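Accompanying notes for the structure given below.
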Amino acid sequence: MQRILIVDDDRDLCFLLNRFLMRKGYQVTVIYSGTEAMQHLVENEPDLLISDLGLGDIDGITLLNKAKELYPNLPVIIITGFSDIKLSALAMRQGAFDYVMKPLLPEQMLLSVQDALESRKRGAAAPGGYFDEKDTREYYFWGSSDASRKLIRQVHLVAPTNHNLIIYGEDGTGKRALAHEIHKLSKRSHLPFVMLNAASVPAKHTSVYLFGRLAETGGVMQEEEGLLDQVNGGTLYIANPQELPIEIQQKLLQCIRKREWTREGSDQQIEMDIRFFASSNTLLWEAARKAVLLEELYHRFNEFTIHIPPLRERKEDIQELANHFLKMNNDALGTNSKGLTPEATAVLGQYTWHDNIRELKNFIQKASLQCSGHYIGIECLPAEISRAGSLLQED
């Protein structure tokens, strides 16, 4: 039975969520404070952590970081209010698997729980792991705007090459999915695509996690494989490489120069053939100038660059993206939403998407569950967006 730890100071919400998940066959532990949860995690590893972003004593991001330090492979779902979207994006950068907005809808919560637990099986909840096509289809969708067409041209230009690549974009714009799309169109498509979120790997584990080690177990020296073993021959996608400790950057740079690496505690050289993708929401050249990213490592990555524009600059894509996510929900939940009303579409076009495509996906999922009709109107959208609709109608 899969074990879920729920941490929230809202006892009523915990009671309802606990009862719902237990009925679905999960073993649930509920804790009402962040401090107590941190103590519990030291002695107990759950299969999934669900935490409110705003706990009474500590914030959910602090708990997330502690959980990731103890168990790098643990998926974490953050519960958040509408006003905390920017903090939710920060939690995603720190390694959260997903965030779910209040008020919680049981079906939406269940989908997120199932996806998180499935990702743990595949290894994708870890800072590095394999991703299949399902991950990309559910997250990213090409629109027909000029910006989307430019992205498509760039993808098809760089994919067949062996160039390393930097992808820039705000949180939630689809950097990982774009990287995966390029990998799928490359000559390495039959080989692994692995992600390393540099910001979410505890510094003391990074070297062994990346390079593996030669260690004594039961009096016998055994090799433990690292991330480079998993990805060798394929593509390694590093989110926020400037977050890697400098000594790890130096070692990685040496590996790229020599096309080989050695495990911790070993002097045996392993031949390396890896294509590197890096991504960030800030310019990595600035990180190099500030000496938090090695300049040569930056240049090794920067053989080609793609900028993904934020959703507010490609509003022509919003309706297509919304319909795509509606179809996903129909397939997953057996619903029959046919689209958005013109009024709802207009409102979505006026909204500033703080977390971009990821936020739109979350909103559409919630709206499709709340709406009983075939078409989603303004009344089905979150209150803050509905208010924007009221202002639009007054104008």
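What follows is calculated from the coordinates using simple rules that are stated; it is not laboratory data. Values in this document were obtained by computation on a predicted structure and should not be read as measured data. Virtual Cβ from ideal backbone geometry, glycine too; neighbours counted across all protein chains shown.
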Counting other beta carbons within 10 Å of each Cβ, put 217, 262 in order, fewest first.
217, 262
Distance between the C-alpha centers of the range 24-79 and the range 262-278? Whole Å please.
34
Treating the Cα atoms of the chain as identical point scatterers in vacuum, please give the log10 of the normalised Debye intensity I(q)/I(0) at q = 0.07, 0.10, 0.11 Å⁻¹, two decimals.
-0.34, -0.70, -0.85
Fewest first, what order do 223, 170 take by the number of other Cβ atoms within 10 Å?
223, 170
No solvent, one uniform scatterer per C-alpha: report log10 I(q)/I(0) for the range 3-122 via the Debye equation at q = 0.09, 0.17, 0.22 1/Å, two decimals.
-0.19, -0.76, -1.41
Here the FRET efficiency for residue 44 versus residue 302, based on Cβ atoms and R0 = 51 Å and rounded to 0.05, is 0.70
Give the relative contact order (percent, whole number) for the chain; include only Cα pairs under 8 Å separated by 6+ residues.
14
Efficiency of FRET between residue 162 and residue 313 - r from beta-carbon atoms, R0 25 angstrom, step 0.05:
0.20
Please give the calculated 222 nm ellipticity per residue for the chain, where each DSSP H segment of at least 4 residues contributes -39500 (n - 2.57) and the sum is spread over every residue; nearest 500 deg cm²/dmol?
-14000 deg cm²/dmol
Can you tell me the dipole magnitude for the range 1-88 around its Cα centre, using point charges on the Cβ only (Lys, Arg +1; Asp, Glu -1), in Debye to the nearest 20?
380
By how many nm would the segment from residue 110 to residue 16 lengthen if fully extended, with 0.36 nm per residue of separation less the alpha-carbon distance?
32.5 nm
Dipole in debye (nearest 20) - the chain, about Cα centre, beta carbon charges: Lys, Arg +1; Asp, Glu -1:
880
Counting other C-beta atoms within 10 Å, and keeping those with at most 15, which DSSP coil trypsin sites (Lys or Arg not before Pro) do you find in the range 300-355?
338
What translational diffusion coefficient, in µm²/s and rounded to a whole number, does the Stokes-Einstein relation yield for the range 133-307 at 37 °C and a viscosity of 0.692 mPa s, taking the hydrodynamic radius as the Kirkwood radius over Cα pairs?
193
Cα to Cα, under 29 Å, and not fewer than 8 places away if on the same chain: which lysines meet these conditions relative to residue 315?
86, 102, 134, 150, 175, 184, 327, 338, 361, 366
For the range 312-394 the mean separation of alpha carbon contacts under 8 Å (6+ apart) over residue count, i.e. relative contact order in percent, is 35
Quick one: order 9, 98 by neighbouring beta-carbon count within 10 Å, fewest to most.
9, 98
Tell me, which cysteines of the chain are without a disulfide-compatible partner by the Cβ under 4.7 Å rule?
14, 255
If each K or R counts +1 and each D or E counts -1, the residues other than residue 298 whose Cβ falls under 13 Å of its Cβ total -1
With R₀ set to 51 angstrom, the calculated FRET efficiency between the beta-carbons of residue 260 and residue 320, to the nearest 0.05, is 0.65
Tail weight of P(r) past 15 Å, computed on alpha-carbon pairs of the range 312-394, percent
50
Compute the angle between helix 106-122 and the longest alpha-carbon principal axis of the chain, please, reported from 0 to 90 degrees and rounded to the nearest 10.
10
When the dipole is taken about the Cα centre of the range 133-282, and only Lys, Arg (+1) and Asp, Glu (-1) are charged at their Cβ, what size is it in debye, to the nearest 20?
680
If I build a Gaussian network model for the chain, linking alpha-carbon pairs within less than 10 angstrom, which residue out of 103, 245, 310 has the largest mean-square fluctuation?
103
Roughly what angle does helix 318-333 make with the longest principal axis of the chain, taking Cα atoms, 0 to 90 degrees, to the nearest 10?
90
Which of the listed residues, 28, 2, 351, is farthest toward the dipole's positive end in the chain, when Lys, Arg count +1 and Asp, Glu count -1 at the beta-carbon?
351
Give the percent of DSSP beta bridges with both residues in the chain that are antiparallel, rounded to the nearest 5.
20
